[in-house]
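A.B. asks: Please find one structure pasted underneath; my questions will follow.
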Amino acid sequence: MLKLNWRLALASAALCSSVVQAQGVVADGQQVAMKGDGSGAPCLACHGMDGAGNNAAGFPKLAGLDADYIAKQIRDYNAGTRVSGVMQPNVDNLTEQQILDVSAYYASLPSPDTAVEAEASLLASGKVLATRGDWDHYIPACESCHGPDSQGMGASFPALAGQHPTYIKQQLNAWRNGSRHNDPNQLMTGVAERLTEQQIEAVAAYLGSLSAKAGGQ
Ligand code: HEC
Ligand code: HEC
């Protein structure tokens with residue numbers, strides 16, 4: 001009887017701590033965004049307090065991205081499967097709880113409208129790629145993984161709609177040159193290496209011209 005209770009207590013304690021851990025606390029995450037990891041620059045210096053990022057500088061928008069996706073990316077920088085000399089020094093001192101907190105914070109923010117204008121013909125060819133793909137070159141539609149209107153699908157497939165074109169181009173090139181190799185089953189590497197320079201330009205312009213869905217998650 002005693003043994004059974006002990007096991008039950010242990011099991012429920014493990015369950016509770018994993019629930020708390022998996023969530024992250026938005027208010028604590030806000031502090032991390034303002035203060036940074038203690039050794040690097042605060043997140044808001046580049047990503048903004050509202051998580052809007054900056055197209056010209058190539059700082060991604062974080063607002064409204066899935067919390068588990070954000071947390072995975074931070075761990076990937078620290079593991080070296082995603083390489084960025086600008087980004088990695090700012091997150092290498094975060095604890096696992098701080099990673100969860102700051103991810104919850106940015107995920108909770110509504111995505112600011114940052115839509116960038118582009119030439120109509122460029123947008124049109126980008127739209128074909130995003131919604132139908134280019135089957136002559138074995139390129140599936142971006143939507144087929146990134147969800148309807150490229151608004152994202154759960155933790156694995158990030159939203160692309162409303163992300164900055166400069167950043168999207170940088171990431172496609174990062175997969176082509178191997179500095180980002182953190183994608184499960186090389187799903188993105190396979191796509192990126194088949195795209196032409198023109199297709200990268202067009203699809204980045206199209207995705208950057210869209211609005212992200214309203215509201216954080
Ligand atoms: C000095 C500017 C700078 C600071 C400060 C900074 N970042 Fe970044 N961040 C970047 C850049 C540049 C990238 C894109 C790097 C790349 O090409 O992978 C990035 C990428 C990211 C990504 C990947 C987004 C995605 O869509 O995959 C996350 C998550 C992130 N940063 C979180 C943070 C957090 C959390 C902090 C604070 C603890 C922080 N960053 C501080 C510049 C910065
Ligand atoms: C077969 C599935 C699949 C298809 C098709 C696909 N992607 Fe992805 N994509 C992924 C996965 C998985 C990730 C996240 C990888 C990771 O965990 O870092 C991703 C991530 C990305 C990112 C990084 C976003 C960020 O916030 O850092 C960009 C940019 C991207 N994809 C662009 C595209 C474009 C453009 C297309 C269409 C031409 C496309 N993807 C088609 C699976 C796919």
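A.B. asks: How many of the residues in segment 69-81 are farther than 16 Å from H181 by Cβ and near ligand 2 (Cβ under 10 Å from one of its atoms)?
C.D. replies: 2
A.B. asks: Please enumerate the residues belonging to segment 188-215 that are in contact (Cβ under 8 Å) with a residue 24 or more places away in the chain, within 15 Å of ligand 1 (Cβ to nearest atom) and out of contact with any Lys or Arg (no Cβ under 7 Å at 6 or more places or on another chain).
C.D. replies: L207, G208, A212
A.B. asks: Right, next: Which members of segment 42-52 meet the condition of being touching a Phe, Trp or Tyr at 6+ places or on another chain (Cβ under 7 Å) and open to solvent by 20 Å² or more (accessible area, probe 1.4 Å)?
C.D. replies: Listed by number, the residues that qualify are C46, H47.
A.B. asks: Separate question: Report yes if some residue within segment 191-212 is surrounded by fewer than 17 Cβ atoms within 10 Å (Cβ to Cβ) and either within 19 Å of A63 (Cβ to Cβ) or of a type in the set (F, W, Y) (or both); otherwise report no.
C.D. replies: Checking segment 191-212: at least one residue is surrounded by fewer than 17 Cβ atoms within 10 Å (Cβ to Cβ) and either within 19 Å of A63 (Cβ to Cβ) or of a type in the set (F, W, Y) (or both).
A.B. asks: Between residues in segment 106-130 that are more than 15 Å from Q198 (Cβ to Cβ) and residues that are of a type in the set (S, T, Y), which pairs lie under 8 Å by C-beta distance while being six or more apart or on different chains?
C.D. replies: S111/S211; D113/S211; A115/S209; A115/S211; V116/S209; E117/S209
A.B. asks: Could we say that Q163 is over 18 Å from the mean Cα position of the chain (by Cα) and not assigned by TED's automatic domain parsing to the domain that holds K72 here?
C.D. replies: no
A.B. asks: Please go through segment 120-161 and pick out each residue that is outside any loop (DSSP other than H, G, I, E, B) and among the aliphatic types (A, V, I, L, M).
C.D. replies: The answer is A120, L122, L123, A124, V128, L129, A130, I139, M153.
A.B. asks: On to the next question. On the basis of being aliphatic (A, V, I, L, M) and at pLDDT 95 or above, does A115 make the cut?
C.D. replies: no
A.B. asks: Between A104, A67, A56, A71, which is open to solvent by 20 Å² or more (accessible area, probe 1.4 Å) and closer than 21 Å to S156 by Cα?
C.D. replies: A67
A.B. asks: Another question, if that's okay. Residues E117, E201: which one is farther than 21 Å from A67 by Cα, among the charged types (D, E, K, R) and outside any helix (DSSP H, G or I)?
C.D. replies: E117
A.B. asks: Of all the residues that make up segment 82-97, how many are more than 8 Å from ligand 1 (Cβ to nearest atom), over 21 Å from D183 (Cα atoms) and touching a residue at least 60 places away in the same chain (Cβ under 8 Å)?
C.D. replies: 1
The values are calculated or read from the model by the stated rules, or taken from the named source; none is laboratory data. What you see is a predicted model, and the numbers here were worked out from it, not measured in a lab. Backbone-built Cβ (ideal geometry, glycine too); neighbour counts: all protein chains shown. Just the protein is used for accessible areas: all its heavy atoms, side chains included, with ligands, DNA and RNA removed. Shrake-Rupley method; radii C 1.70, N 1.55, O 1.52, S 1.80 Å.
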